[in-house]
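Worksheet: one structure, shown below.
The values are calculated or read from the model by the stated rules, or taken from the named source; none is laboratory data. Computed from a predicted structure; not experimentally measured. Note that we place each Cβ from the backbone using ideal geometry, even for glycine, and neighbour counts take in every protein chain shown. Accessible surface is based on the protein model in full, side chains and every heavy atom, while ligands, DNA and RNA are left aside. Shrake-Rupley method; radii C 1.70, N 1.55, O 1.52, S 1.80 Å.
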Amino acid sequence: HRVLAAYLGTDPERVTLTAGEHGRPVLAATHDPSLGFNWSHSGDEALIAIARGIAPGIDIERLRPRPRSLEIAQRYFSAEEAAALAALPVADRDAGFLELWTAKEAVLKALGRGLAFGLDRLNFARVADQLVLQRLAGDDARAWQLHRLPVGPELLAALAWRGGSRRLRMGTLASDA
């Protein structure tokens, strides 16, 4: 609330959130309608995305062993993504899985949808060492931006939005350091 209040030029107590059509938190209609936001956390790490004129989606995950990652991908991801993950060396699968997962979560959150939308309804492919959205059911995949965020060696994070390129600025709000 404090971060949103700073962008809105008001007190944190005056910031009101409501649920969007599919449950995504949005600012109440009494606030600036151009301000979009999203947040994610993993353990004690958190990210907040704030933008004007777009609805950002963001996801962060701690890199850790995922023994069922290939099984999950084969069941819920597109066939192409599951095959690409299976082709990776075993030592790289956890990171590959989380890279896909954070990309999918970021896009779904930007859409205002959750996992119930269907993880297989959007497909990513690796192009020049980056994930690129190739297919998004009911939308033009080329209209989407996806960016990996440099958040540390033990974390993977992605930011997505529908619209043209934008300048990204990252900062730290609080740190134990």
Using beta carbons and a limit of 9 Å, which pairs, at least six apart or on different chains, have the first residue in the range 65-78 and within 14 Å of residue 99 (Cα to Cα) and the second one open to solvent by less than 50 Å² (accessible area, probe 1.4 Å) and among the β-branched types (Val, Ile, Thr)?
66/72
Looking at 51, 87, 79, which one is under 15 Å from the mean Cα position of the chain (by Cα), closer than 24 Å to residue 136 by Cβ, among the aliphatic types (A, V, I, L, M) and open to solvent by 10 Å² or more (accessible area, probe 1.4 Å)?
51
Test each condition in (1) crowded, with 18+ Cβ neighbours inside 10 Å; (2) more than 15 Å from residue 161 (Cα to Cα); (3) of a type outside the set (Ser, Thr, Tyr) for residue 121 and report the one that comes out false.
(1)
From the list 166, 93, 162, 135, pick out the single residue that is among the charged types (D, E, K, R), touching a helix residue (DSSP H, G or I) at 6+ places or on another chain (Cβ under 7 Å) and touching a residue at least 60 places away in the same chain (Cβ under 8 Å).
162
Can you confirm whether the range 61-81 contains a residue that is modelled with pLDDT of 90 or more, hydroxyl-bearing (Ser, Thr, Tyr) and either part of a loop (DSSP other than H, G, I, E, B) or within 30 Å of residue 12 (Cα to Cα) (or both)?
yes
Residues of the range 128-163 being more than 23 Å from residue 65 (Cα to Cα) and open to solvent by 50 Å² or more (accessible area, probe 1.4 Å), in sequence order, are 128, 132, 134, 135, 138, 140, 142, 147, 162
Whether any residue in the range 45-64 is over 24 Å from residue 135 (Cβ atoms) and without any contact (Cβ under 8 Å) to a residue 12 or more places away in the chain is what I want to check.
no
Every residue in the range 27-45 that is open to solvent by 50 Å² or more (accessible area, probe 1.4 Å) and over 14 Å from the mean Cα position of the chain (by Cα), please.
29, 30, 32, 33, 43, 44, 45
Condition met for residue 116 (assigned to a helix (DSSP H, G or I) and modelled with pLDDT under 90)
yes
